[in-house]
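Following: one structure in C-alpha cells, then a few remarks.
Bear in mind these aren't lab numbers, they're just calculated from the coordinates by the rules spelled out. Predicted, not measured: the structure shown is a model, and the values here were computed from it. When we count neighbours, we look across all protein chains shown, and the Cβ atoms used for this are built from the backbone with ideal geometry, even at glycine.
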Amino acid sequence: MSSKYSNAEESPGFMLWQVTNIWQKAIRKALDPFELTHPQFVLLFSCKWLNEKNDHSGITQVQLAQHAQMDVNVTSQVLRTLEKKGYIERRPHPTDSRANVISVTKSGDVIASQAVRAVEEEDRAFFSDLGDDIGLLNRILKRLANH
C-alpha cells in the first residue's frame, strides 16, 4: 500500500476534503435561489460586512481578498461579475491611483442580507450534530486558517 493510512477515514486531509464537498453542495443549494455562486456570496457579503465595520467608507480589492483569503486575481474576476449584476460599485481610490474603492449597492445589500440568512440557516442544519462541539471545531479551524 502506498499510504500510511489503512483506511481513508484516518486521513485528516481526505476527511476534510469529503466534508468540504458535502458542505459546499449544501451551500450551493442554499444560494441557488439568489443566483449567486459561493465565491460571489462570500465576496459580496464580506464587502457588505467590512464596509459596515468601516462606516461605509469603502474597501479595496486587496483588503477584500485578504479578508476572504482569496487570490487577488480570482477576487477581481468575481467582483467584475458582481458589478455586472449591479451588486457592487467600484470607484477610484481617493489616495491610491492603482486601487479602487468597492462598495455594495442597494440591490447588493438586499441580496446579501437575504443570502446570508439562507447560508447561516444551512450552516446551523449542517453542523447541528456537533452540538456543543461547534466551538471546538471553530477553534481548530481557526488554528488551521492561521497556519
Of the DSSP H helices in the chain, those whose Cα atoms cover at least 27 Å axially and whose Kyte score averages 0.0 or more: 12-31
So, R0 is 35 Å and r is the distance between the beta-carbons of ARG91 and GLU120; what FRET efficiency does that work out to, to 0.05? 0.70
Please go through the residue pairs LYS48/LYS85; LYS106/LYS142; LYS25/LYS85; LYS53/LYS142; LYS29/LYS84; LYS48/LYS84 and name each one whose alpha carbons sit more than 25 Å apart in this structure. LYS106/LYS142
Hand me the chymotrypsin sites (Phe, Trp or Tyr not before Pro) from the range 37-112 located in a DSSP loop with no more than 10 other Cβ atoms within 10 Å, in residue order please. none
Just need the relative contact order of the range 32-113 here, percent rounded to a whole number, with Cα pairs under 8 Å and 6+ apart. 35
Taking ASP129, ASP32 and counting other beta carbon atoms within 10 angstrom, the fewest-first order is ASP129, ASP32
